[in-house]
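Notes follow the structure.
The values are calculated or read from the model by the stated rules, or taken from the named source; none is laboratory data. Worth saying up front: this structure is predicted, and the values here are computed from it rather than measured. Cβ coordinates were reconstructed from backbone atoms using ideal geometry, including for glycine residues, and neighbour counts include every protein chain displayed. We work out accessible area using only protein heavy atoms, side chains counted, and drop any ligands, DNA or RNA first. Shrake-Rupley method; radii C 1.70, N 1.55, O 1.52, S 1.80 Å.
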Amino acid sequence: MQDAEPELRIENSEMGFAMNQRVHSVGDPRRTGTVKYIGTVKGFAGIWVGVDWDNGEGKHDGSINAFRYFEANSEKSGSFVRPQNLSKGISFLKALELRYRSRSSKEEEDEMYVLSAGNKRVSVLLVGKNKVQDKFNHFEELVGVSLSYMGISSVGSPKEIEATAPNIKQLDLTGNLFSNWEDVDCLCEGLQKLEVLDLTKNLLSHYVMGLATLKNVRVLVLNSCGINWAQIEKLNPSLEMIEELHLMGNRLNTIVPASSNHVQGFVSLRLLNLEDNLFNTWDEILKLSWLRSLEQLQLNKNHLSRISYPDYCSESSEPHEKGFKPFENLRCLLLGDNKIADLPSVDRLNYFPNLTDIRLSGNPITDQTKGGIPRFVLIARLEKVQILNGSEVSSRERKESEIRYVRYVITQMQDRLGEIAYIHPRFDKLKALHGIEDEKSSNDMKGPKKMASGLLSITLKCCGPSMGEKPPVIKKIPATTTVGKLKALCESFFKLKGIKLKLFLEEEDSPFPVLLVDDMASLVDLGISNGATIVIDQED
């Protein structure tokens, strides 16, 4: 494939476009892209602009008829556009005026109506409309401002911004055309009171200068900005007051500290959001363990497969204060939708000194259809957890989960008592805490006593749409009954012949019933105890 010849390229066109400039489609500021080519295209008259679209919705990869003009990010993200069909954007103050000073016309107001019961138009009266518009005519009163997808590409004079809107504290600039940090610096220079800045979906240059004007920003959102960790390190000195840093969707997979093996600085950072990135090893996450103020770490939607906690006593390469503990103030760790599949990873969460809010949903370890463990096992194994997968763990749920877990382990491990301490690290402690005695072997029990001791009192409830209204029943069922056998019994108890059943365990304090997926598992295998409730539904 041939590349475009030099004479076909125009570095700075008469239309004012330049290479790597951010643009949007005329009339659609949400359709943004980057200029990758300016010049002629063989077989087509005039000047064309080659654009690599952010949303990937183009026509080709930058080549036409075996002739390459530019490299697009994907096979269909590039296209050629006439210059008059692209916008270079507007200034910050122009966007502010368009969003907050524009008044609706008489024609627009006439179109604001609802239909009455008699199908007649009834005009809508905007209560307080004049008062609101009067406020917007005085930009100095604006505190929270949203200018998302306005096509802003330039800032203008910081002094003019300060004179026009000096009191803005929260600013949302999602989906605009900012491409360099100098513009961000100028903007913040004019907004001295700015505390919250959202730059989501602005593809910023990798060159970061010293940004003294960010020193008052407490919340910085850089989601889907194409940013890397080297840029974050360069921003570090400028973010003296930063409390929340959001870095979702940047395809991050490494953390490269500036001067040591661990990220330092960020002395006020309480929340770090690294969701929807590409981290696949916990070693990268451990580089954040020296952030002393960090309370919440969001790692949902990555590719992490294990969790560990560092043993700093064995490290001598980097000194730390006496009494220091890694992640010492971390209270919330969100790990949903990763690849965690092993129980030791779950157990290691107990080493985090103050971790009480944990999310593990969406991992193989919690997917019971693939051999994952139920909620009660997680609660019992996680000593300090108070919120699990977004649901509060009450003191009652904890007690019942721990008792149920101990009985479950006793039943499962009767023939491997020597392995219990290794496989179930909290077992001995929980067994002593709740005063649970070892169950006698079934060989030592005879006759009616043996049979009675193995019966569970279970409440059965029907809820399937084709089952009709049937009152709940309480049945004495052997603890060794399998899920498949219980389905057959339910079919008999409720006369549900011809209906394919599925069973759920309804647990108090748990937001959702748990699907019993393994027909071969017995009630005792599943940790189901006396007084449990089973909900009977039908397959879709």
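Overview of values
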read-out	value
³J(HN,Hα) computed for each position of the stretch 368-380 - Karplus, 6.51 cos²θ - 1.76 cosθ + 1.60, integer Hz, glycine/proline x	5, 6, 10, x, x, 9, x, 4, 5, 5, 4, 4, 5
Too-long pairs where the Cα-Cα distance tops 27 Å, listed order kept, from Lys384/Lys485; Lys339/Lys461; Lys476/Lys502; Lys431/Lys461; Lys339/Lys431	Lys384/Lys485; Lys339/Lys461; Lys431/Lys461; Lys339/Lys431
Accessible area, probe 1.4 Å, largest first, for residues Arg404, Arg251	Arg251, Arg404
Low-density loop positions, chymotrypsin sites (Phe, Trp or Tyr not before Pro), the stretch 204-311 - DSSP coil, at most 16 other Cβ in 10 Å	Tyr207
Cα-Cα over 20 Å, subset of Lys36/Lys201; Lys94/Lys159; Lys59/Lys301	Lys59/Lys301
Cβ-based net charge around Pro465, under 12 Å, with every Lys or Arg adding one and every Asp or Glu removing one	-4
For Gln192, net neighbour charge (Lys/Arg +1, Asp/Glu -1) across residues whose Cβ lies under 15 Å away	-2
Sequence-separation-based contact order of the stretch 223-319, relative, with Cα cut under 8 Å and 6+ spacing, percent	26 percent
Sequence of Arg398, Arg82, Arg101 from largest to smallest accessible area, 1.4 Å probe	Arg101, Arg82, Arg398
Net charge, Val256 excluded, C-beta distance under 12 Å - Lys, Arg +1, Asp, Glu -1	0
In sequence order, calculated HN-Hα J values of the stretch 531-540 (Karplus, 6.51, -1.76, 1.60; Hz; x Gly/Pro)	x, 5, 10, 10, 9, 9, 10, 10, 5, 5
Extension gain (nm, one decimal) between Leu455 and Asp28, 0.36 nm per residue minus Cα-Cα	146.9 nm
Distance from the stretch 267-282 to the stretch 37-103 (C-alpha centre basis), Å	33 Å
Note, ³J(HN,Hα) from phi for the stretch 74-88, Karplus 6.51, -1.76, 1.60, rounded to Hz, x at Gly and Pro	8, 5, 10, 9, x, 7, 9, 10, 5, x, 5, 9, 10, 10, 7
Extended-chain gain in nm, criterion 0.36 nm per residue less alpha-carbon gap, Lys495 and Glu182	105.3 nm
C-alpha center-to-center spacing [the stretch 457-529, the stretch 134-206] in angstrom	58 Å
Virtual spin-label span in nm between Lys76 and Lys470, 7 Å along Cα→Cβ	4.9 nm
